[in-house]
Amino acid sequence: MAEPVDLARMTAELHALRDETLAAARAATDTAALEAMELEVLGKKGRLTAVLRGIGGLPAEDRPKVGAIANEVRIAVEGALAAAAQTLGSKELDARLAAERVDVTTPGRPIRRGSLHPINETIGAIAEVFAQFGFVVYEGPEVEDDTTNFRMLNIPPDHPARDLWDTLYVDLPEHLLRTHTSPGQIRVMHQERPPIRALLPGRCFRYEAVDASHASEFFQVEGLMVDEGTTMADLKGLLDQFAHAMFGADRATRFRPGYYPFTEPSVAFDILCVICDGAKCPACSRTGWMTILGAGMVHPVVLGYGGIDPERYQGFAFGMGVERIANLRHAVPDLRLYLENDQRFLGAFR
Ligand code: PHE
């Protein structure tokens, strides 16, 4: 048999439920626990409802009193849960904000920046100097025909001058890998009328045994000027200006006689060794000088092959080795480094 209910006992039970719930609400550590508590105490099948189930056993005059107390308990519990929810909620928000805070002082992730290949960078620097004298960049093909690479440059078949260029032939009659950028002179003359100021950078190929100073592929920059009244003095002045722009205004230069079938007269152009300053070190083969290019006045026969009247126009041409110049600019001791695609080497030029 159920225990008899009376007003005092029910009141005590309701107050006990209230006090217990208030204490639990204060002790709760997260809002999820508060939500569970609300269901457990105030829910339809909750503990408050359970206590009130006994109300029918009370005398009629006590029932409203118990109802009033139950209301007070409900209000107290609701208030306590709401207050605790507010405190815990703002604590949880603070914790989340702290955890997700963006630290604007953290160093950024580095962006890996690429860089130009030192040969391209050097070609750019060369072109920049000649652009100031009105030279425009052109390009010719790497697979060239024998006529343009040799014959129109005044080098007939079986002529001993061919020995100056150890040639790589391709599987196509009368074609080869260009041995120099000079065939570009012919192509520009066929394409343009004087005055011509052309710069022709490009990859060249020779059948060479590879070592620190020889490669079977390398770059040249060709220059061609054709106009009325063009002289050797113009060529010398221009090349001096170029050397001084590239290697410093006080770098000594010299012209030596040279030989090329397509220029007459021909010269070799030297700068005082940038390593030893004329003291004759191994880098300059103990001459004190470094040859950076070949040049000369365009042979009248070559002008004629180019479709230009040699009675009216004169021209000069020059051809420089880009690796040579890059070596001197960046103190690179071995040509092969330019071809190896080693990131440690390439990344050093930024
Ligand atoms: N083509 C020559 C070489 O490869 C260089 C050169 C170019 C010389 C233009 C004179 C004029 O050696």
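The values are calculated or read from the model by the stated rules, or taken from the named source; none is laboratory data. In this text, all values refer to a predicted model and were calculated from it rather than measured experimentally. All Cβ positions, even for glycine, are placed from backbone atoms using ideal geometry, and neighbour counts span all protein chains on display. The accessibility values were calculated without ligands, DNA or RNA, using every heavy atom of the protein model including side chains. Shrake-Rupley method; radii C 1.70, N 1.55, O 1.52, S 1.80 Å.
Within the option set A331, A317, A295, being more than 10 Å from the ligand (Cβ to nearest atom) and within 28 Å of E208 (Cα to Cα) holds for one residue only, A331. Each residue in the stretch 157-214 was checked for being assigned to a strand (DSSP E or B), open to solvent by 20 Å² or more (accessible area, probe 1.4 Å) and either under 18 Å from V298 (Cα atoms) or within 11 Å of the ligand (Cβ to nearest atom) (or both), and 1 of them qualify. In the stretch 273-296 there is no residue matching the filter, namely being within 22 Å of V136 (Cα to Cα), over 37 Å from the mean Cα position of the chain (by Cα) and among the polar types (S, T, N, Q). Contact annotation: residue pairs with Cβ atoms under 6 Å, 6 or more positions apart or on different chains, pairing a residue in the stretch 70-87 that is surrounded by fewer than 19 Cβ atoms within 10 Å (Cβ to Cβ) with a partner that is basic (K, R) and in a helix (DSSP H, G or I), are A76/R18. Taking the listed residues G229, G223, the one that is at positive phi and not in a helix (DSSP H, G or I) is G229, with no other qualifying. Within the option set L172, L176, L168, L199, being closer than 22 Å to T291 by Cβ and out of contact with any Cys (no Cβ under 8 Å at 6 or more places or on another chain) holds for one residue only, L199.
For first residues located in the stretch 256-270 and of a type in the set (D, E), partners that are within 7 Å of the ligand (Cβ to nearest atom) and lie 6+ apart or on another chain with Cβ distances below 8 Å form the pairs E264/G296. Would you be able to say whether some residue in the stretch 278-292 is crowded, with 19+ Cβ neighbours inside 10 Å and closer than 24 Å to P201 by Cα? Yes: one or more hits.
Of the residues making up the stretch 257-277, just one is surrounded by fewer than 21 Cβ atoms within 10 Å (Cβ to Cβ) and aromatic (F, W, Y), namely Y259. Restricting the search to helices (runs of 4 or more DSSP H) fully inside the stretch 272-350 and requiring at least 1 residues that are in contact (Cβ under 8 Å) with a residue 40 or more places away in the chain, of a type in the set (D, E) and over 19 Å from D240 (Cβ atoms) gives 322-330.
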